[in-house]
Amino acid sequence: HETFERDHDFLIYKKKLSMKEALLGFNFSITHLDNRTLWVSSPKGYTVQPGQRFVISHQGMRTPENEKGDLVIQFDVEFPHLDDGQKSVIDEILPGPESE
């Protein structure tokens, strides 16, 4: 399938997020294998790291015991290209290592 990968009873869905979505929140839909629409949004205050996974229970593949595995969303955070002014603003607002 071009949208999902299967790993036993898990379905893997890869989703690209902008840095803004990763830091401030996301909301998107997924069309499941059976054509249902699943709406996915981040909990308040939730931030996403590159490669992080978000699990939605019981939305994966059926097991031999007729239970459902999980849908696993794997995030890829896209970092924007910034000009010097944008870098300066980010340097002012984000914490980081102290200069020596």
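The values are calculated or read from the model by the stated rules, or taken from the named source; none is laboratory data. Everything quoted here is computed from the prediction, not taken from an experiment. Here the Cβ positions follow ideal geometry from the backbone for every residue, glycine too, while neighbour counts run over all protein chains shown. Ligands, DNA and RNA are excluded from the accessible area calculation, which covers all protein heavy atoms including side chains. Shrake-Rupley method; radii C 1.70, N 1.55, O 1.52, S 1.80 Å.
The DSSP beta bridges internal to the chain are antiparallel in roughly 65% of cases.
Extension gain, Glu67 to Phe10, is 19.4 nm, computed as 0.36 nm per intervening residue step minus the present C-alpha separation.
About the Cα centre of segment 46-92, what is the dipole size in debye to 20, counting +1 per Lys and Arg Cβ and -1 per Asp and Glu Cβ, all else neutral? Each step should come with its number before you reach the end.
Details: 4 positive and 9 negative charges, 75 e Å.
The dipole magnitude comes to about 360 debye.
In a reduced charge model with +1 at each Lys and Arg Cβ and -1 at each Asp and Glu Cβ, segment 1-64 shows a dipole moment near 220 debye about its Cα centre. Using a probe of 1.4 Å, the accessible surface attributed to Thr31 totals some 80 Å² when neighbouring protein chains are kept in position. Consider all pairwise Cα distances in segment 1-52 and report the whole-number % of them above 13 Å. It works out to 64 percent of all Cα pairs.
Taking every protein chain into account, the accessible area of segment 1-87 amounts to 70 square angstrom per residue (probe 1.4 Å). Principal axis analysis of the Cα atoms in the chain yields extents of 59, 26, 24 Å, listed in decreasing size.
If I take R0 = 35 Å and measure r between the Cβ atoms of Arg53 and Lys87 in this structure, what FRET efficiency does the formula 1/(1 + (r/R0)^6) give, to the nearest 0.05? Write down the numbers at each step before the final one.
Working: r = 29 Å, r/R0 = 0.84.
So, using R0 = 35 Å, E works out to roughly 0.75.
Carbon and sulfur together cover what percent of the accessible area of segment 18-100 at a 1.4 Å probe radius?
Numbers: 3160 of 6280 Å².
Ligands and nucleic acids excluded, carbon and sulfur give 50 percent.
List the aspartates and glutamates whose alpha-carbon lies under 14 Å from that of Lys16, not counting same-chain residues fewer than 8 positions away? Cα-Cα hits under 14 Å: Asp76, Glu78.
Ordering Val55, Gly25, Thr37 by the projection of their Cα atoms onto the charge dipole of the chain, which places +1 on the Cβ of Lys and Arg and -1 on the Cβ of Asp and Glu, puts Thr37 at the extreme positive end. Using C-alpha pairs below 8 Å separated by at least 6 residues, the relative contact order for the chain is 30 percent. A Förster radius of 22 Å, combined with the Cβ-Cβ distance separating Thr3 from Tyr46, puts the computed FRET efficiency at roughly 0.40.
Heavy atoms of the protein only, probe of 1.4 Å, neighbouring chains included. What is the accessible area of Arg62 in Å², nearest 10? Result for Arg62: roughly 130 Å² accessible.
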